[in-house]
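One structure is given below, encoded as structure tokens.
The values are calculated or read from the model by the stated rules, or taken from the named source; none is laboratory data. Since we're looking at a predicted model, the values are computed, not measured. Cβ sites come from the backbone with ideal geometry, for glycine too, and all protein chains shown count toward neighbours.
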Amino acid sequence: MSPISCQGATSITTFVIFLCDKIEPALRKAVFERTAKDIAEDMKSKFPDFRGNRANLEVCILRYLAEQENFAYFKQYLTSPKQFFQSYIEKQVKSHCLDESRRLRMFLHSCLESFYGNILSAVSLSTQIVKDRKDREDKISLWLDEFCGELAEVINLPRSDLKGIEHQEVTDIEFLSSAMAKALIDLTDRLMKELADADMSSFSRQPHTIADMSSFARQPHTILAEHFSGCWEKCPFCGAVCSNTMQNHDGDHQLVFHRPQALRGYTWWWTNHLVIDICSSLVASDCSFKFPGLPWIPFKTYRDAGPPFSTWRILPDSSMQAYWKWFVSRFRTQLEALYNGKFQGKGEIPDSWQRITKQEALSELERR
Ligand SMILES: [Zn+2]
Ligand SMILES: [Zn+2]
């Protein structure tokens, strides 16, 4: 080997090492970003829970709650519906990705493989374009322009970060291309091994292995949950969530099925008798309500109580879902203990409610 080509080889080695050092973190980041999106998409296409809108997901959650029949879960759902939705989604994503099938690893690997293909073809494309440009002295600079441009959609590799190598003395572009291809195999192999360890820790809050929480800048379940965002405002009487699919929407908050007010612990005045009526029946009644610091307000003119009441549109409607009749009957004791009240007097649970089976409650819910 002559001293000149030896110098050329050194330049190429320097170039390849520098470039691969820039590619590696960008590639790792891109793999996790894409994988998070892929997982979210996969969940949406495979799970009936996530195939529809939020109303559909809510039915699935209510079914899940009824199946679990655990009052503590109901309590979480009723007090913090948004958080409950999120943790429900997170749980489903984790069990889908981290079961024996090791789907997370599979997703990461196939994503890395496809990006590897993209980078490799960017190398050969840039080489093709540059090698015949006899007119250009700054072939390396031109090669880098092409390379970064080609990868713009795949990884974040700013051309300006590569200024340090753009003046390398490299004349043999074909040689550079094959050296890059070789280095990329090593780089990909290394990442593959790293991703093989991706497991629970990729989701956990504490960084653990190399592929940890910080690898997922946005978690797959967060991306999936965003699909089901919307207005989370709760009815001030029964706590059911506004059904508008827009956050900060115009107009009043609204929902179709209000729930017995006992779910929020409301009682009839001067008694500890829980209110089993729903808001949409009460707004058609002659009853009034009173909150601390407020005067008595007739339900018919509930908006006079000011916000949050005035921001809700509650239309008179006496239809109550069988689900909540079943729930109140089934968890009567727990509700009484929670709110220190009784289902007595005006809050006596009708016999007809007590005859509703869980299956009937669920069937009606799913017919909606
Ligand atoms: Zn309500
Ligand atoms: Zn709303």
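Give the residue that is modelled with the lowest pLDDT, with candidates limited to residues of the stretch 83-114 that are farther than 30 Å from residue 23 by Cβ and in contact with a Lys or Arg (Cβ under 9 Å, 6 or more places away or on another chain). Among those that are farther than 30 Å from residue 23 by Cβ and in contact with a Lys or Arg (Cβ under 9 Å, 6 or more places away or on another chain), it is 96. Contact map, the stretch 244-269: residues that are in contact (Cβ under 8 Å) with a residue 40 or more places away in the chain and acidic (Asp, Glu) paired with residues that are assigned to a loop (DSSP other than H, G, I, E, B) and within 14 Å of ligand 1 (Cβ to nearest atom), Cβ distance under 8 Å, separation 6+ or inter-chain. Pairs shown: 252/313. Looking only at residues of the stretch 241-280 that are within 23 Å of residue 338 (Cβ to Cβ) and hydroxyl-bearing (Ser, Thr, Tyr), we find that the one that is farthest from ligand 1 (Cβ to nearest atom) is 271. Evaluating residue 149 against the criteria (1) modelled with pLDDT of 95 or more; (2) buried (at least 18 other Cβ atoms within 10 Å of the Cβ) leaves one unmet condition, (2).
Kindly provide the set of residues from the stretch 312-360 that are part of a helix (DSSP H, G or I) and in contact with a Gly (Cβ under 9 Å, 6 or more places away or on another chain), ordered by number. Residues satisfying the conditions are 335, 338, 339, 347. When residue 38 is tested against (1) under 30 Å from residue 180 (Cβ atoms); (2) assigned to a loop (DSSP other than H, G, I, E, B), only condition (2) is not met. Note on the stretch 225-259: residues that are more than 10 Å from ligand 2 (Cβ to nearest atom), part of a loop (DSSP other than H, G, I, E, B) and under 16 Å from the mean Cα position of the chain (by Cα) amount to 2. Restricting to the stretch 265-289, name every residue that is touching a strand residue (DSSP E or B) at 6+ places or on another chain (Cβ under 9 Å) and assigned to a helix (DSSP H, G or I). If the condition is that a residue be touching a strand residue (DSSP E or B) at 6+ places or on another chain (Cβ under 9 Å) and assigned to a helix (DSSP H, G or I), then 279, 282 are the ones that fit. For residue 222, are the conditions met, namely being within 27 Å of residue 361 (Cα to Cα) and not aromatic (Phe, Trp, Tyr)? Taking the combined requirement at face value, the residue does not satisfy it. Among the conditions (1) more than 19 Å from residue 83 (Cβ to Cβ); (2) within 9 Å of ligand 1 (Cβ to nearest atom), residue 235 misses just one, which is (1).
Return a yes/no flag: does the stretch 324-336 have any residue that is surrounded by fewer than 12 Cβ atoms within 10 Å (Cβ to Cβ), more than 14 Å from ligand 1 (Cβ to nearest atom) and more than 16 Å from residue 239 (Cβ to Cβ). There is at least one residue in the stretch 324-336 that is surrounded by fewer than 12 Cβ atoms within 10 Å (Cβ to Cβ), more than 14 Å from ligand 1 (Cβ to nearest atom) and more than 16 Å from residue 239 (Cβ to Cβ). Does residue 337 qualify as being within 23 Å of residue 71 (Cβ to Cβ) and out of contact with any helix residue (DSSP H, G or I) (no Cβ under 8 Å at 6 or more places or on another chain)? Answer is yes for this residue.
Contact annotation: residue pairs with Cβ atoms under 8 Å, 6 or more positions apart or on different chains, pairing a residue in the stretch 216-237 that is over 23 Å from residue 94 (Cβ atoms) and not assigned by TED's automatic domain parsing to the domain that holds residue 315 with a partner that is among the β-branched types (Val, Ile, Thr) and away from ligand 1 (no atom under 16 Å from the Cβ), are 230/245; 231/245.
Considering 299, 331, the condition of being touching a residue at least 60 places away in the same chain (Cβ under 8 Å) and of a type outside the set (Gly, Ala, Ser) is satisfied by 331 alone. Do you know which residues across the stretch 314-323 are within 16 Å of ligand 2 (Cβ to nearest atom) and surrounded by 12 or more Cβ atoms within 10 Å (Cβ to Cβ)? Scanning the stretch 314-323 gives a single hit, 314.
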